[in-house]
Amino acid sequence: MNIERSTRDRWIRGVCGGIAHAYGWNSNVVRIITVVLAIIIPGPSTVLAFAVYLILSFVLPESEEF
């Protein structure tokens, strides 16, 4: 399973679009789940979700296909 950042289906850096494409999901559902989990999970989850997203945006390669 090769996860790459999306170049066409992106809002910020294409991480959620790339994850959605890799698993065959709707990218808007992945975005909503990411935001909801960052808000609902108690503790510093918003900062953690932002940090993970930021790290993935620099670690994952950008797709030339999607």
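The values are calculated or read from the model by the stated rules, or taken from the named source; none is laboratory data. The structure displayed is predicted, hence computed values, not measured ones. Heads up, the Cβs are rebuilt from the backbone with ideal geometry, glycines too, and the neighbour counts pull from every protein chain shown. Surface areas here come from the heavy atoms of the whole protein model, side chains and all, with no ligands, DNA or RNA. Shrake-Rupley method; radii C 1.70, N 1.55, O 1.52, S 1.80 Å.
Near Ser57, once Lys and Arg are set to +1 and Asp and Glu to -1 for all other residues with Cβ below 13 Å from its Cβ, the sum equals +1. Computed from backbone phi with θ = phi - 60° and the Karplus coefficients 6.51, -1.76 and 1.60, the 3J(HN,Hα) list for the stretch 24-29 is x, 9, 7, 5, 5, 5 Hz; x is used for glycine and proline. Could you tell me which residue out of Tyr23, Ser6, Ala51 lies farthest along the dipole of the chain toward its positive end? Charges go on the beta carbon: Lys and Arg +1, Asp and Glu -1, centred on the Cα centre. With unit charges placed on the Cβ atoms, the residue in question is Ala51. Rounded to the nearest Hz, the phi-derived 3J(HN,Hα) couplings of the stretch 4-21 under the Karplus curve 6.51 cos²θ - 1.76 cosθ + 1.60 (θ = phi - 60°) are 10, 6, 7, 9, 9, 9, 9, 10, 10, 10, x, 5, 5, x, x, 5, 4, 5, where x marks glycine and proline.
Please work out how much length the chain gains when fully extended from Leu48 to Thr34, using 0.36 nm per residue of separation minus the C-alpha to C-alpha distance, in nm with one decimal. Before the final figure, lay out each step's value.
On the way: separation 14, 0.36 × 14 = 5.04 nm, distance 1.13 nm.
Full extension from Leu48 to Thr34 adds 3.9 nm.
Here the chain has 69 percent of its accessible surface on carbon and sulfur atoms, given a 1.4 Å probe and all protein chains in place. Residues whose amide H comes within less than 5 Å of that of Arg5, counting only those at least five positions distant or on another chain, are Glu62, Ser63 (H built at 1.01 Å from N in the peptide plane). Remark: the chain carries 72 Å² of accessible area per residue (probe radius 1.4 Å; ligands, DNA and RNA excluded).
Kindly provide the Kirkwood hydrodynamic radius of the chain in Å, to one decimal, from all pairs of distinct alpha carbon atoms. Kindly include the intermediate steps, with their values, before the conclusion.
Values: mean 1/r = 0.0832 Å⁻¹.
About 12.0 Å for the chain.
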